[in-house]
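Take a look at the structure set out below.
What follows draws every value from the coordinates through simple rules; no lab data is involved. Note that this is a predicted model, so its numbers are computed, not measured. Cβ sites come from the backbone with ideal geometry, for glycine too, and all protein chains shown count toward neighbours.
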Amino acid sequence: MKKEEVEAIFKQGDLGPIEDCLDAIAIQPRLPALAVGMCLLRMEEAVPPLRALVARAANGEALSDDEVVLLFRGLYILGGGRDREVCRDLLRLLRRTEAELDDLLGDVVTQSMASIVAGVFDGDVETLLSPISD
């Protein structure tokens, strides 16, 4: 389904601000499937704040609890949406200490990260392999 089709379903063409969906993803205890779906349909709007959050985490900036949840869930959105521009920041994030990664991402590092990285891979093999050589 495309964004235009969703707008037609709502008939007004106003799907509301993407920030509402991102907020729902960050604060709801259960994964809000509708908000995730809207972000995937509206990638051009959802991606910039998610990329910025990944960059902040990669830089070692402190994140609020809600931002940590959004980072965790947002990585799946970025991977599923195949956002190539986040690849370098994601790889920088993965170079943080094991303790930091565990605090931020928990089990996603061992369970799903390979799939997420494959989804966002930008073709730069050298950057992809550099953490292995460190």
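Some notes on this structure:
- Each 5 Å bin from zero up to the one holding the largest Cα-Cα distance in the range 55-118 carries the following percent of pairs: 4, 18, 33, 31, 13, 1.
- Chain lengthening between Gln28 and Glu44 when straightened (0.36 nm per residue, less Cα-Cα): 3.5 nm
- Charge context of Arg88, other residues only, Cβ under 9 angstrom, K/R +1, D/E -1: -3
- An ellipsoid equivalent to the range 3-133, defined through the eigenvalues of its Cα gyration tensor, has semi-axes of 27, 17, 12 Å when rounded to whole angstrom and sorted largest first.
- Taking a ≥ b ≥ c as the square roots of the eigenvalues of the Cα gyration tensor, the range 19-95 is oblate, since a/c reaches 1.5 or more and a/b is not larger than b/c.
- Normalised by the number of residues in the chain, the average gap of Cα pairs under 8 Å and 6 or more apart makes the relative contact order 22 percent.
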